[in-house]
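The values are calculated or read from the model by the stated rules, or taken from the named source; none is laboratory data. Fair warning: this is a prediction, and the values are worked out from it, not measured in the lab. Cβ coordinates were reconstructed from backbone atoms using ideal geometry, including for glycine residues, and neighbour counts include every protein chain displayed. What goes into the accessible areas is simple: the full protein's heavy atoms, side chains included, and nothing from ligands, DNA or RNA. Shrake-Rupley method; radii C 1.70, N 1.55, O 1.52, S 1.80 Å.
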Amino acid sequence: MAKSSNQKMKILYLLKILFHESDAEHAISMKKILEKLEAYGISAERKSIYDDFEKLYVFGIEVKREKGGYYIDNREFEIAELKMLTDAVLASKFITEKQTKNLIKKLETLASVHEAKQLDRQVYMMNANKGFNKAVYYNVDYIYEAINSNKQIEFKYFDIDINRKQIYRNNDKPYVVSPYALIWDDENYYLVAYNEKNEMIRHYRVDKMDAVNLKRKERIGKEEFDKLDMSSYTKSVFGMFGGKSEMASIVFPNRLIGVVYDRFGRDVTVIKQDEEHFMLRTKLVFSEQFYGWLFGLGSGIKIVSPPSAADKYKEMARNVIENH
């Protein structure tokens, strides 16, 4: 019998079958392997398959035998890792619903068909508050290209009005900035860049950027960016709403120590105030989002300094009471 044109690709098809059809819980029998190879137009005997197993082992892919069948033991990703990646994609508001489904389908190809069903079921967890700007993928690509090539970028920046229409800032004129980093915060992507016009580091939501283009001009403002501690920056700027960073002292009840550590990290400065309270000392940007976070934590919190922040907090509380 003449060999088919696929015969030389036998070991590749064998790897494909093992990769997609088997896992530790679903070993595939030798009979099934031979049948599937036959479906690809490849004739094989058991002995030649065993030889291929040896070649795969030398290459770094271990095929184990269990319960009368065979499976690949050392996959690049464990199913638990793929589940975490799937959940991260589902939770990301800047990725559109269509892109989310496409990404999860690609993640499923890294698992067996049996394990992929576990990822597919998670699609029903889809967050309804998904992004709408499908250009985010390309925006991120342009930004990384600009960073790697040390170039500035320009883009239009917009808000969404009550009618869901894009309203461009800056009188519809493009922003020109020097990009330095991308931050994933509060399920959104942000560009951290030096704005020459304002002579300061600013951040921009990537999903609200439109018409991103690379400029020929090289980046500026590296000295300002190098002054930033990116970890502290993301912790102090709540919801990435910018403003002036100030040293703050805030008293919290002890029950909230875990919440404070979760937000600011374990290395933040906390001082015992009394038996029931502690004081947080850190740099913060006092935005309405920050005050809203404090309100959400309930009673027993007191802003000690700066005084202007304490006054603003009391003013917001009064306004809430008056409006109800």
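Taking region 252-286, which residues are part of a loop (DSSP other than H, G, I, E, B) and either surrounded by 14 or more Cβ atoms within 10 Å (Cβ to Cβ) or in contact (Cβ under 8 Å) with a residue 60 or more places away in the chain (or both)?
V268, Q273, F286
Can you pull out the residues in region 60-83 that are surrounded by 12 or more Cβ atoms within 10 Å (Cβ to Cβ) and of a type in the set (A, V, I, L, M)?
I61, V63, I72, I79, L82
Taking the condition of being open to solvent by 70 Å² or more (accessible area, probe 1.4 Å) and over 18 Å from S22 (Cβ atoms), how many residues in region 86-112 meet it?
Adding up the residues that qualify gives 6.
Checking Y71 against (1) within 30 Å of L119 (Cα to Cα); (2) part of a helix (DSSP H, G or I); (3) touching a residue at least 40 places away in the same chain (Cβ under 8 Å), which test does it fail?
For Y71, the failing item is (2).
Matching residues to (1) part of a helix (DSSP H, G or I); (2) in contact with a Cys (Cβ under 8 Å, 6 or more places away or on another chain); (3) modelled with pLDDT of 85 or more:
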| residue | (1), (2), (3) |
| --- | --- |
| L191 | no, no, yes |
| R202 | no, no, yes |
| D207 | yes, no, yes |
| D210 | no, no, yes |
| N213 | no, no, yes |
| I220 | no, no, yes |
| F225 | yes, no, yes |
| Y233 | yes, no, no |
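For region 301-320, give me the residue count where each residue is closer than 16 Å to V260 by Cβ and either open to solvent by 40 Å² or more (accessible area, probe 1.4 Å) or at pLDDT below 85 (or both).
Selection size over region 301-320: 2.
For K32, indicate whether it is open to solvent by 30 Å² or more (accessible area, probe 1.4 Å), assigned to a helix (DSSP H, G or I) and free of Cβ contacts under 8 Å to residues at least 60 places away in the same chain.
yes
Quick one: I162 ticks every box in (1) open to solvent by 60 Å² or more (accessible area, probe 1.4 Å); (2) on the phi > 0 side of the Ramachandran plot bar one, so which box is it?
Result: I162 passes all but (2).
Please find, among E25, E115, the residue that is exposed (fewer than 15 other Cβ atoms within 10 Å of the Cβ) and touching a residue at least 60 places away in the same chain (Cβ under 8 Å).
After applying the criteria, what remains is E25.
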